[in-house]
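Scroll down for the structure; my scribbles are underneath it.
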Amino acid sequence: MTSTSHTARPARPVRARSARKAAPHPPAATVGAIDPAVQALRRFRVIFTSVRHHFQQVEKLTGSGAAQLRALSILREQPGIRLSELAQTMDVHQSTASNLVKTLIERDLITATRDESDRRVLRLRLLPAGTKILQRLRTPYIGVLPKALSSLPPLTLQRLNDDLDTLIAAMQIGDTAAMTPLADQLHTPSQHLLRAQAAGALKECP
């Protein structure tokens, strides 16, 4: 009986696979480098757009501007507050608060009565119509930007204030607008708000 012998083939040398290293990403500065001033400008655009959108949303929901809503919220929290105290709480000039109160009185949202002990003092209080407007909001009204700023740590706020002071100085502008509500500076009343206020004025006509 003849046996068949199998000759083992020599094993092929195993070639070590060279690890393919991913090409390192070039530094961010080399990929369409953006001027830091442009980057800062973009951030301001994001902030302003967000604030403007917020104003439009609350106007659509309540038919009232942001400054009016803030004043109504304060009167709900502090019934009988004086005009000077309202101005201080809102961080606006007293003349600004006075004009705001006049508008709210004309819309029958608040009332101003003389203090019994000092007839020179006016006490401000909500009327039912003002309370009804605030009920459309889930929480006391605080603007989206003030709310965000109040959430920042003190050191962050200090750095931010210092940097913004530097920017204001570079722009060579004064601070006359510092006590004017941001809603009055940044936002133009929407058509919805204008229609709502016009409808309120028509109701007051005999």
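Among M171, M90, the order by Cβ neighbours within 10 angstrom, fewest to most, reads M171, M90.
Residues in region 115-121 carry Karplus couplings, in order, of 5, 5, 8, 9, 5, 7, 9 Hz; the curve used is 6.51 cos²θ - 1.76 cosθ + 1.60 with θ = phi - 60°, and Gly or Pro positions show x.
In loop segments of region 130-182 as defined by DSSP, the trypsin sites (Lys or Arg not before Pro) with at most 13 further C-beta atoms inside 10 Å of their C-beta are R136, R138.
In order along region 70-87, the Karplus-derived 3J(HN,Hα) couplings, from 6.51 cos²θ - 1.76 cosθ + 1.60 at θ = phi - 60°, round to 5, 5, 4, 4, 5, 5, 5, 7, 10, x, x, 5, 8, 4, 5, 6, 4, 4 Hz, and Gly and Pro are given as x. Annotation for region 82-126: GluC sites (Glu not before Pro) lying in DSSP loop with at most 11 further Cβ atoms inside 10 Å of their Cβ are E116. Between L137 and S150, the modelled label-to-label distance comes to 1.0 nm, taking each label 7 Å out from Cα in the direction of the beta carbon.
Remark: the L127-L167 segment gains 10.1 nm on full extension, using 0.36 nm per residue and subtracting the alpha carbon distance. Taking K and R as +1 and D and E as -1, what net charge do the other residues with C-beta under 12 Å from the C-beta of V58 add up to? So the surrounding residues net to +4. Could you calculate the contour length gain from T113 to Q78, that is, 0.36 nm times the residue separation minus the distance between their Cα atoms, to one decimal place in nm? Separation in residues times 0.36 nm, less the Cα-Cα distance, equals 11.1 nm.
None of the figures in this text is laboratory data; all of them are computed from the coordinates on show. Owing to the predicted nature of the structure, the values given are computational and were not obtained by experimental measurement. Because the Cβ atoms are built from the backbone with ideal geometry, glycine has one as well, and the counts that use them run over all protein chains shown.
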